[in-house]
Each structure stands twice: as structure tokens, then as C-alpha cells.
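Here the structure comes first, spelled out in C-alpha cells, and everything after it is commentary.
The values are calculated or read from the model by the stated rules, or taken from the named source; none is laboratory data. Since this is a predicted model, take the numbers as computed values, not measurements. Heads up, the Cβs are rebuilt from the backbone with ideal geometry, glycines too, and the neighbour counts pull from every protein chain shown.
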Amino acid sequence: MIGIFYYFTLVVMLIYSVFLLFRSMNLILNGYYRVIYFIVIIFYIFFVVPSIMNVVFGVPEYSSQPAFSGLHEDFLVSGIYNLYIIYISFIFHIFGKNSNISSYKLSIYKVGGSKGLYLLSILVAVLFLFSPVLLLLFAPDPSVYLNYGVSTRGLLDGESQDFHNTINLFTRIASFSALFFIFIIRKHLIQLIIILSPYLFIIFWLNGKRSIVISFLLLLIIILIMKGMLKGLKGVVVGVGILIICISFFFGYQQIIDNLISYDLDRDHYQDYRVNFGRDDVTKLTILSELDDNRQILEKRGQSFIFYLTIFVPRELWNEKPLPYAQYMTSAIFNTEPRLWGWGMTTSVLEEFIANLGFIGGIIAPFSIITLARIGDRASNSLLFLFTILITIFFLTVHLSSFFVLFVIWAVWALKDHFKNKVKIVA
């Protein structure tokens, strides 16, 4: 019976999610730009495609992640996962269906504000664009950045690691600044992208993470769609081309890091792909932890939420301060006591809510995404709309502590935009 339950929910999940995917893509290509439509595509890639790959290519061995071993073969856990994806898809579908979508044809050049504010925005964007290179002047050891992936390769000491956290933040802001110029320019767009490319390479090099490259390319696709440059066959060709670049970069990055830090070059690249571009495994492990008291991820309910509320409190002042959620997940994957690893398994808000609040958290989780999407849809300018897409993608694919400062910047911007609109309505 459990087997029937699993296969039935799998078929329903695949049919419904494919329908929702094509519906969202069709609306986008017809000029209806809402945050949730873009998020559905990312959701499909990270949460539905892995289930398809299980059927087509088989389940990864997970030789490096012992807690994942046998997880996909557990029909009860996988069936509940399928139900969860169906539920999330339904919530996303209802959210997109309940509003007057014709009112969300957003102008690509609607950036808001007076001419003076517009020029100030350009000046600030220029400063942020070049901020990572300027910051290098203050690096404890600038020569370390002659190497790629300094953090992943363990080339940083305590002081240099703290500085690299700043570099990591400003390289992400710089990449968004580059997208700002691509966003607002009306002519000679290809020339601008070519001019920016060498500097973007420097930004990506300093950051040393593949996520900055992939998120940049995803937002670039969204901007080109909103500019009407990716329609018909041309859009398909460009989209597929960028997708190939993303996949090639992923495997190239992995090979480079493997060579530089002497990892096993015979490692399972299918397994690597699934771990990095799937959130089904961590979600299923969280579901299993709710069914098995011996497989708990957090020591206490709400621990990772408490961490976010106290994220700026130094651990030296509070030895019992909870760990970032990714550290609990990483420890659970290796079947060890919770501890700081220096790196973390990629997670999602959708399973983090379950770990903190139980299955009730799973019911609440998709509404956190919807809340972000609604805020983005109500934005008075397209830049905040685009930034909201980026923040929402992060919530779906990584843990909050990895982009907390960006989230704070977004929240302040969104609140300011909200109250500005409220004043206009009252006036």
C-alpha cells in the first residue's frame, strides 16, 4: 500500500508541477511579470527535477552523505515529500490565480523617484560596482586573492576570513549593481555586457563561489525577458545557451576545486549535481526526522529562528548560542553531534520550517515565499521587484544566514517603499 501511495503521489506531483511550470512560463513570455511566476521555475528545478532524475537516471549513491543513503527508497518519506510538493504547488497556483494579473505588467524602465534621485542611484551603483576592488586595498593579505576559491580551499586565517565575509557581501552587491546598469540602459545593451564582462570575471573570482555566477545569470535572463529580448526561437536559444553555461561552470568549478585541494577526482559528479542543485534530499531527511525521534536535526524546536534573532550577538558572549541551520543539517547528514563545520550543506526555508515547527511548519513555509512575492509585486519600481526575486530565490535555495545582510537591505528598502506608497495614497 505504501508503494501505491508513493507512485500515485509521484504521478500527481509531476503532472501538477509541469502544468504550473508551463503556465508560469507562458504568462512571463506574454509580459505578465510577477515574482511568483519566476519562483515557480526555480522551485521546479530544485524540488521537482530531482524526482524526475530519480526515475530517469536512478538514485545517487550518496557515498559522501551517509544520512541520505536509502532515503529516496523509503516510500513513506518520499510519498510525504510528494504530497508536500503538491501542497506547495497548490499554494503557489492559488496565489497566482487570486489576483488581477493584468495589473502586473511592470514597466522595465520604471525605477521611480525624481531625476536627482535617479542620478544619485547611478552614482551609488558605480561606487558599489567598484567597491570590491577598492576593499582589496585594506585586505590583510591581498595576494591571497591571486588564488581562486580562497574560502572553499581553506586559505584564509581568522582575520582574513572575517575580511572575506565583507568581500563576499560587496561582490554580491557589485554584481547586482552591474545588473542595475544592464536593467536601465535602453540601447547598446550587448556592448555594455561585453564591456562589463572582464570586470564581472574579477568580481566572481574574488567571491569564489558558483552561486554568485548562477544567480547573476538567472537575473540576467529575467532582465532580458522583461526587455522583450528573449521571445520566440531567439529566446529559447539564448535561454538554453545560458543554461549550458551554468551547467558547464558548475562542473568546471567542481573540477578546479577538486584539483586544487586534492579531492578524489573519481568522485560521483551526478551525486555532486544532485546535492548542489536539489533540495529534495535535505527536505526528505527533515521529513524522516519528524517520523523518527532518533534522527532529529535540531536539538530544540525553533533553534535556527533564535539564531537569526541573535545573529549579531558574538558567540564569545553566549556560548550556548544556537548554530546556523546549515550546521545542524550538515551534522545530521554525517550522523554527528551538532557543531560548526566551517562550511554547510545547502538548505531551503521550506524544510527549515519543518525542522523548527514540525509538520505545521511545512504548512506555514510556502506562505513565507508568498509574502515576499506579494511585497515584490507591490513594489513601486522595477529594481525592488528584481531584488525581491533574488531574495526569494535565496530563501528557496540557501539558508538565511548566508545572505542575511542582503535580506536586511532588502527589508529596509521594501519598508521605505511601502510607507512612501502609503503617503501618496493618503495625499
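Selection of the range 155-194 for residues being part of a loop (DSSP other than H, G, I, E, B) and over 19 Å from Val133 (Cβ atoms) yields Leu155, Asp157, Ile185, Arg186, Lys187, His188.
Among Phe180, Phe170, which is under 29 Å from Asn30 (Cβ atoms) and crowded, with 19+ Cβ neighbours inside 10 Å?
The conditions single out Phe180.
Taking the options Ile391, Ile369, Ile364, Ile354, name whichever one is hydrophobic (A, V, I, L, M, F, W, C) and either surrounded by fewer than 16 Cβ atoms within 10 Å (Cβ to Cβ) or more than 28 Å from Lys321 (Cβ to Cβ) (or both). Before you say what the answer is, go through the steps one by one.
Details: Ile391 fails: either surrounded by fewer than 16 Cβ atoms within 10 Å (Cβ to Cβ) or more than 28 Å from Lys321 (Cβ to Cβ) (or both); Ile369 fails: either surrounded by fewer than 16 Cβ atoms within 10 Å (Cβ to Cβ) or more than 28 Å from Lys321 (Cβ to Cβ) (or both); Ile354 fails: either surrounded by fewer than 16 Cβ atoms within 10 Å (Cβ to Cβ) or more than 28 Å from Lys321 (Cβ to Cβ) (or both).
The unique qualifying residue is Ile364.
Taking the range 311-367 only, how many residues are of a type in the set (Lys, Arg) and more than 18 Å from Arg301 (Cα to Cα)? Show your work before the answer.
Restricting attention to the range 311-367, the residues satisfying the condition of being of a type in the set (Lys, Arg) are 315, 321, 339.
Adding the requirement that they be more than 18 Å from Arg301 (Cα to Cα) leaves 315.
Qualifying residue count, the range 311-367: 1.
Of Phe163, Phe170, which residue is under 17 Å from Leu406 (Cβ atoms), hydrophobic (A, V, I, L, M, F, W, C) and outside the structural domain of Thr397 (by TED's automatic domain parsing)? Before you say what the answer is, go through the steps one by one.
Details: Phe163 fails: under 17 Å from Leu406 (Cβ atoms).
The conditions single out Phe170.
Applying a threshold of 7 Å to beta carbon distances and a minimum spacing of six or more residues, or different chains, the list of pairs starting in the range 35-57 at a residue that is over 11 Å from Leu14 (Cα atoms) and free of Cβ contacts under 8 Å to residues at least 40 places away in the same chain and ending at one that is among the hydroxyl-bearing types (Ser, Thr, Tyr) and buried (at least 22 other Cβ atoms within 10 Å of the Cβ) reads Ile41/Ser24. Scan the range 131-160 for residues that are modelled with pLDDT of 85 or more and within 19 Å of Phe403 (Cβ to Cβ) and the total you get is 3. For beta carbons closer than 9 Å, sequence separation of 6+ or different chains, a first residue in the range 269-293 that is free of Cβ contacts under 8 Å to residues at least 40 places away in the same chain and part of a helix (DSSP H, G or I) and a second that is polar (S, T, N, Q) and surrounded by fewer than 20 Cβ atoms within 10 Å (Cβ to Cβ), the qualifying pairs are His269/Gln254; His269/Gln255; Asp272/Ser64; Asp272/Gln254; Tyr273/Gln254.
The number of residues in the range 215-230 being farther than 18 Å from Phe204 by Cα and not hydrophobic (A, V, I, L, M, F, W, C) comes to 2. If I filter the range 315-338 for residues that are in a helix (DSSP H, G or I), without any contact (Cβ under 8 Å) to a residue 24 or more places away in the chain and farther than 19 Å from Leu400 by Cβ, do I get at least one hit? For the range 315-338, residues in a helix (DSSP H, G or I), without any contact (Cβ under 8 Å) to a residue 24 or more places away in the chain and farther than 19 Å from Leu400 by Cβ: absent.
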